[in-house]
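Okay, so here's the structure we're looking at.
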Amino acid sequence: MSVRSHEDYQENIGAFVLGALPELEAELMEKHLAGCESCRAEVDELSPVTAAMLRSVPQVEPPPSLKASLMRTVDEEAALRAGPVKAPRERRRWTWFEGWSPRLATGIAVALLALAVGIGVATDPFGGGSPSSTTITAQIDRKLMPTGTAVLQVSGRDGEIKLKNAPAPPSGRVYQLWFQHGKTIERGGTFKPKPDGSYDASVSIGSADAVMVTVENAGGAKAPTGPPVMQFTV
Amino acid sequence: MRLVQRGDARAFEAIYDRHGTAAFSLAYRIAGNRVAAEDIVQEAFLSVWRSSVRYSPERGNLRSWLLSVVHNRAIDSLRRSVVHTRRQVDSEGIEDRIEAPELTDGEVFRRDEANTVRSAMDRLPEDQLKVVQLAYFGGFTHSQIADMLEMPLGTVKGRMRLALDKMRDGLGEAVA
């Protein structure tokens, strides 16, 4: 390898700051910077520009499932670090959300809320709720979903939805979740009940006021296209 | 952050709540799809949680440091990817851009700063902007960019440096 001059390194500073030097060249640059005050000063002067570029990208909401998955791992590892005193709560990952991103649809909440009727807090017919959780029974539109029951067990910012005897959606259609925050609706994932009509899954409710389910075309919709077949008011 | 390093899951959750959107946005900007962006953010935050990368205040503010962790992961992921060829790296195609309806003071500041940075980038000549985007958000090395744009390596290096100098001058206090 040829010996590099100070000017060679200086010429590479822009590429170095942008992370565009091949690994070996970047290592050589770092060694040079350790002993070259003027190049180091130039790098220090330009580095805040790239840091600002990182903060300037258009904002895109992560799907709630990302946090749910991340926190599941973190909670489990925290419990392990703390020893066997507190076992992490058994949770299934809400895989319906995978690959999805939420979409806030301002205004649609108002229309959907108009369809909502009384919601009851009931004893849990499904069993298994912890003493600190609240079980909310779904208000179901029986014209759209003639059979089945559903509850949402809420514990803090998390919940577990449990369906029983729910009919399969029509061919080519799926159920889709929506999370209402005030006047906005956040898109959730799609799902189909098992052949026996059951479905259990954990959801990250966060600050949602209500959780709704609609029937949508396979693949899901960006905003609800019809009235909710069921709704839980949190 | 000290609480996180001591294994406090709720402190970690608070950090995710505060910076998760910025992290996901950056990962999505670089990876170009949501599934890859989720993997990148998950890996990055878990590396922070597991203290395989450690924060110290000398490295700048926490948000900038977290974003640099995400950026490194995203670029590594891109470079590992066999489809890392002539991927489009412009900002079009981001369908789910969301403006928060109500912003805190901190969010207003960050939005204003982001607008300032984007304006400074928009003022760059197109040839300079392109090499910056290909390098920083596309993960391409200077020689790959030279091949891609069919121009001498020295020209690519020069444009990178010119672009950064102009950005620094344009941003002034905003990045001081």
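Read-outs: derived from the displayed coordinates by stated rules, not from any lab. What you see is a predicted model, and the numbers here were worked out from it, not measured in a lab. Here the Cβ positions follow ideal geometry from the backbone for every residue, glycine too, while neighbour counts run over all protein chains shown.
Using a Förster radius of 45 Å, what is the FRET efficiency between A:L144 and A:D8 based on their Cβ-Cβ separation? Nearest 0.05, please.
My answer for the efficiency is 0.05.
Mind giving me the FRET efficiency for B:E126 and A:E37? R0 is 30 Å, r the Cβ-Cβ distance, nearest 0.05 is fine.
E(calc), rounded to 0.05, equals 0.30.
Which of A:L24, B:L129 has the fewest other C-beta atoms within 10 Å, and how do the rest follow up to the most?
The fewest-first ordering by Cβ neighbours comes to A:L24, B:L129.
Please arrange A:L152, B:L46 by counting, for each residue, the other beta carbons lying within 10 Å of its beta carbon, fewest first. Walk me through the numbers before you get to the answer.
On the way: A:L152 23, B:L46 15.
Fewest to most other Cβ atoms nearby, the residues stand as B:L46, A:L152.
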